[in-house]
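Bear in mind that the values in this text are calculations on the coordinates, not laboratory data. This is a predicted model, so every value here is computed, not measured. Methodologically, a virtual Cβ is constructed for each residue, glycine included, from the backbone with ideal geometry; neighbour enumeration extends over all protein chains shown.
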Amino acid sequence: MSVQSIPQPAAGADAHSSEARFSLENKLTGWHIGVAMAALSIGVTLGIMQGFEHLGIDLYKYTAPAFKTYYQGLTIHGVLNALVWTTFFIVGFFTTAITRSLDRPLKYPWINVLGFVLMFVGLLMATYPLLANLATVLYTFYPPMQAHWTFYLGLTLVVVGSWVAGYGFYFTLHAWRKENPGKRTPFIALASTITMVMWQIATLGVAVEILTMLLPWSLGLIKGTDPLLARTYFWYTGHPLVYFWLLPAYVAWYGMVPKQAGGKMFSDSLARLVFWLFLLLSTPVGFHHQYTDPGIPQGWKFIHALLTYGVAFPSLLTAFTVAASLEIGGRARGGKGWFGWIRKLPWDNPSYTAQNLAMILFAFGGISGITNASYNVNLAVHNTVWIPGHFHLTVGSATTLTFFGIAYWLVPKLTGKQLYKPKLALAQAWTWFFGMIFFGNGFHLLGLHYGVPRRTMLGAAVYRDPAWTPFLIEVFVGVLLLTTSAILFYWVIIGTLAHKKRLEKPVEMPIAEAADPTPVPAWLDTWKPWLYGAIALIIIAYGPMLYTLISEMQLTSPGFRVW
Amino acid sequence: MHIDRYEQIWIRISVAVLVIFMIGIVVAGWSLSIQVPGVYGRVDPNTVTEPGSPWAEPGLRELAPGKYEAYILAQIWTFVPGEIRVPAGSEVTFYVTSKDVQHGFRIQDTNLSFMVLPGQISKMTHRFEEPGEYVFVCHEYCGVGHHTMAGKLIVEEAVASNQ
Ligand code: HEM
Ligand SMILES: [Cu+2]
Ligand SMILES: [Cu+2]
């Protein structure tokens, strides 16, 4: 196979001059995903150390000056992987996705440069307390554990920077709509922008939590805090956060992967409907993370449980539509019969393979997610290692492995160089796939059958039970495969940057056409009803309870540093 | 907007599955009363161990034969009391709060699992039928000693309690 041909170059277009128009966008994308990958390299190393610890092998004594304890490492693993790798990669990827989909450079590039600077300064600021062991509060930073104020301010700047990047995207989309009256917004640009708007609404919770409670409290300006109110603000953001991780992968699965498979978008309209439904339903479901919290009435928890089933619906639609789009591709490539088309998919293309394997892992993660969401069933698995089993299949695979797949065309595009050793990249995708299967299966079983608590130094736990061992070994097999996979990923990426084989033609972003040429109905290209609907649902689902919690707020908890 | 026939079938199946799940949690929650915690009350974590507070002397209290209340205080990195004994067949209502950071409470091999927050009282009831040792663990990160925070509830043969 030839790597250059993975994303087909646009026929006839003067690709070179079109590249020149986007040189700043390319640079911006490169900075974002460069920071993302650097963060992930540290995050993943700590993940591997956690895997060893669970088997009873404590490596922290060797890394002591930098990473002193399991819990410090776990905090950094969570922050770098779940918050930094994702947010930086997503903003970088969207910078390319939106501008190429609109075929229009950013309207005000300085806004996006400013966004990057804010995010980067925020990251540097948060790095200090993380490394100095002044913020070993895990990535959920529940008070009254109190981190150094630079941790809270740094995270805030990362979020605010991502908002600013979002504004840059909105202005660009708005400019395109003015320049193209009557035209439907291209799918990729629309879906990416919806994701950023959803993020903007969703992060208000954590912004209020930090700015009105944690930051002034950590600076000593207020003496106490109210842990339940803080948790409620946090989970207002915490659930849509998972959609912020997932929707960029959906953008690629709907809008790009079908093209890479030689197919078309099965249904452009339904794909858009899915994104609007996510805008509507992502936020008013956060109490499903607080089923076991005291102080929140069962009725509200139940309402959020029902809404959570509602937000599962667009994902079920996605499963069908994406599979159908790939089938078009498989059949166009000569696949026959019920399943014969699957074999004809471009399994020799690492970008495609990584993303298709990510979809399969997401199917498992989605099933365990529905279990978590199921109100009283949650009691069986809440805060057990079932939960990390679940989210390593979702954010750790559906998102992360998709982003690896995207990197396999995006890095060649940005550097103008061939992907280094595509066979290694293929091996990377498969080792991640099998690694997460062992890891996820072992953790799910340990959580379900033995109630093994998560976020715990299991190797040293006083209640460690020999019955866990076979499953911990299964997890460890997963960790070894994942270690291999991570090494392969960085080998391929660094190899691509370091070698000298330039591409003859620049790589084009894959953009799938719609299979059905009839235009998308106007109600799927209108913002207002969806946006107002989303705000109304949030007010209904959160308003009364937030009002109660705020009016009964008791700032009684002083800060604790217990690590 | 045109929707493919198979996709229409898929949509119907998806909606049906979700509705069945909804019915499932209603039945389990309200007919079988497998419930999640709700609102019980608040305390000031700074004075929770002072005289007059039920957590001044945490422990087990018998309300009637076979019916108990257990007041448990969570603190870094122990539960007080760390050991509880009840006869088989007892119904125990747990009242748990924290005097410092957030903790969790889960009794293995039961449905009992909830968060323990300073300032809030978590309440849940369980009937212990099978004699044996039930380990309870803290399942929320609470600092460097988190993995040492556990206790046990011993359910004794019912005959023993009649002596
Ligand atoms: C080589 C790959 C990886 C390995 C070996 C690994 C391993 C682990 C382990 C052992 C834990 C602790 C689970 C527990 O006992 O509570 C953990 C937690 C976690 N991991 Fe990973 N992980 C990997 C990659 C990732 C990726 C790619 C992400 C996200 C993008 C991620 C996100 C998280 C998060 C959010 C936590 C929870 C932290 C917390 O509870 O505060 N991990 N990981
Ligand atoms: Cu959630
Ligand atoms: Cu704990």
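I'd like the distance between the alpha-carbon centres of the stretch A:399-433 and the stretch A:96-139, rounded to an integer number of Å.
Using only Cα atoms, the two centres lie 23 Å from each other.
Over the alpha carbons of the stretch A:30-79, what is the largest minus smallest coordinate on each principal axis, giving the biggest first in Å?
The Cα atoms of the stretch A:30-79 stretch 39, 21, 15 Å along their principal axes.
In a solvent-free Debye calculation with one equal scatterer on each Cα, what is log10 I(q)/I(0) for the stretch A:110-181 at q = 0.12 Å⁻¹, listed in the order of the q values?
-0.43
For the pair A:Ile540 and A:Thr212, what calculated FRET efficiency results from E = 1/(1 + (r/R0)^6), where r is the Cβ-Cβ distance and R0 = 35 Å, to the nearest 0.05?
Using R0 = 35 Å, I get an efficiency of 0.95.
Taking beta carbons within 10 Å but only from partner chains, what does the mean come to for residues A:451-460? All intermediate terms of the calculation are to be shown ahead of the outcome.
Working: counts 10, 3, 13, 4, 7, 9, 6, 1, 1, 3.
Neighbouring Cβ atoms belonging to other protein chains average 6 per residue here.
Using a Förster distance of 51 Å, how high is the FRET efficiency between B:Val19 and A:Ser41, based on the Cβ-Cβ distance and rounded to 0.05? Before the final figure, lay out each step's value.
Values: r = 45 Å, r/R0 = 0.88.
In this case the efficiency is close to 0.70.
Residues of the stretch A:455-485 with backbone nitrogen within less than 12 Å of a virtual label 7 Å along the Cα-to-Cβ line of A:Ala427, please, listed as ranges.
In the stretch A:455-485, the label zone of A:Ala427 (backbone N under 12 Å from the point 7 Å along Cα→Cβ) covers A:484-485.
As a check on your grasp of the helix formula, calculate [θ] at 222 nm for chain B: sum -39500 (n - 2.57) over DSSP H runs of n ≥ 4, divide by the residue count, round to the nearest 500. Could the numbers behind the result be given before it?
Details: 2 runs with 27 residues, N = 163.
Roughly -5500 deg cm²/dmol at 222 nm, from the helical runs in chain B.
Taking the Cα-to-Cβ direction at A:Arg331 and at A:Phe434 and moving 7 Å from each Cα, how far apart do the two end points lie in nm?
Distance between the two pseudo-spin positions: 3.3 nm.
What is the order of A:Glu513, B:Glu130, A:Glu327, fewest Cβ neighbours within 10 Å to most?
Values: A:Glu513 13, B:Glu130 10, A:Glu327 18.
Exposure proxy ranking, most exposed first: B:Glu130, A:Glu513, A:Glu327.
Between the helical axis of B:5-26 and the dominant principal axis of chain B, each derived from Cα atoms, what acute angle in degrees is found, rounded to the nearest 10?
20
When you look at the Cβ of every residue in B:104-111, what mean number of other chain Cβ atoms sits within 10 Å? Don't skip to the answer; put the middle values down first.
Values: counts 6, 2, 8, 1, 6, 3, 3, 4.
Neighbouring Cβ atoms belonging to other protein chains average 4 per residue here.
Distance in nm between label sites at A:Leu555 and A:Lys501, each 7 Å beyond Cα in the beta-carbon direction?
6.2
Going by amide H atoms built from the backbone, whose H comes under 5 Å of the H on B:Ser98, apart from near neighbours?
Long-range HN contacts for B:Ser98: B:Ala74, B:Leu117, B:Gly119, B:Gln120.
Based on DSSP H runs of at least 4 residues, each adding -39500 (n - 2.57), what is the mean residue ellipticity at 222 nm of chain A after dividing by all its residues, to the nearest 500 deg cm²/dmol? Don't jump to the answer; show the numbers that get you there.
Working: 21 runs with 364 residues, N = 563.
It comes out at -22000 deg cm²/dmol, rounded to the nearest 500.
Name the trypsin sites (Lys or Arg not before Pro) in the stretch A:161-237 that are in a loop by DSSP and that have at most 12 other C-beta atoms within 10 Å, would you? Present the calculation step by step, with values, prior to reporting the outcome.
Working: sites: A:Arg177, A:Lys178, A:Lys183, A:Arg184, A:Lys223, A:Arg231; in loops: A:Lys183, A:Arg184, A:Lys223.
Qualifying residues, ordered by number: A:Lys183, A:Lys223.
Which value in Å is the Kirkwood Rh of the stretch A:256-387 over different Cα pairs?
Working: mean 1/r = 0.0596 Å⁻¹.
For the stretch A:256-387, the Kirkwood estimate is 16.8 Å.
Count, for each residue of B:130-138, the Cβ atoms from other chains sitting within 10 Å of its Cβ, then give me the mean as a whole number. Provide the component values of the computation, followed by the final result.
On the way: counts 0, 0, 0, 0, 0, 4, 2, 9, 3.
Counting Cβ atoms of other protein chains within 10 Å of each residue's Cβ and averaging gives 2.
Mind computing the radius of gyration and Dmax over the alpha-carbon atoms of chain B? Å is fine for both.
20.6, 76
List every residue whose amide H lies under 5 Å from the amide H of A:Thr225, counting only residues 5 or more places away in sequence or on a different chain, with H placed 1.01 Å from N in the peptide plane.
Answer set, sorted by chain and number: A:Thr556, A:Ser557.
What length, rounded to one decimal in nm, is gained on full extension from B:Arg61 through to B:Thr47, with 0.36 nm per residue of separation minus their alpha-carbon distance?
Values: separation 14, 0.36 × 14 = 5.04 nm, distance 2.13 nm.
Full-extension gain reported as 2.9 nm.
Taking every pair of distinct Cα atoms and averaging 1/r, then inverting, what Kirkwood hydrodynamic radius in Å comes out for the stretch A:405-561?
Values: mean 1/r = 0.0459 Å⁻¹.
Hydrodynamic radius (Kirkwood, Cα pairs) of the stretch A:405-561 is 21.8 Å.
Order A:479-486, B:17-24, B:1-8 from most to least packed using the mean count of other Cβ atoms within 10 Å. Don't jump to the answer; show the numbers that get you there.
Working: A:479-486: 19.8, B:17-24: 14.4, B:1-8: 12.2.
Sorting A:479-486, B:17-24, B:1-8 by mean packing, highest first, produces A:479-486, B:17-24, B:1-8.
If you consider only alpha-carbon coordinates, what radius of gyration and Dmax does the protein assembly as shown have, in Å?
Just the Cα atoms of the protein assembly as shown yield Rg and Dmax of 26.1, 94 Å.
Which of A:Lys259/A:Lys301; A:Lys27/A:Lys501; A:Lys68/A:Lys421; A:Lys183/A:Lys500; A:Lys183/A:Lys344 have a Cα-Cα distance over 30 Å? Could you put the intermediate results ahead of the total?
Values: A:Lys259/A:Lys301 42 Å; A:Lys27/A:Lys501 20 Å; A:Lys68/A:Lys421 37 Å; A:Lys183/A:Lys500 42 Å; A:Lys183/A:Lys344 35 Å.
Beyond 30 Å: A:Lys259/A:Lys301; A:Lys68/A:Lys421; A:Lys183/A:Lys500; A:Lys183/A:Lys344.
Listing B:Tyr95, A:Tyr532 from the residue with the fewest other Cβ atoms within 10 Å to the one with the most, what is the order? Please report the intermediate quantities before stating the final value.
On the way: B:Tyr95 20, A:Tyr532 11.
Listing B:Tyr95, A:Tyr532 from fewest to most nearby Cβ atoms yields A:Tyr532, B:Tyr95.
Which residues among the stretch B:23-54 fall inside the zone where the amide N is under 17 Å from a point 7 Å beyond the Cα of A:Thr548, along Cα→Cβ?
Hits in the stretch B:23-54 for A:Thr548 at 17 Å: B:36-43.
Going by how many other Cβ atoms sit within 10 Å of their own, how do A:Thr518, B:Thr97, A:Thr556 line up, fewest first? Please report the intermediate quantities before stating the final value.
Values: A:Thr518 10, B:Thr97 29, A:Thr556 20.
Lowest count first: A:Thr518, A:Thr556, B:Thr97.
How many angstrom separate the Cα center of the stretch A:281-353 from the Cα center of the stretch A:356-382?
Cα centroid of the stretch A:281-353 versus Cα centroid of the stretch A:356-382: 11 Å apart.
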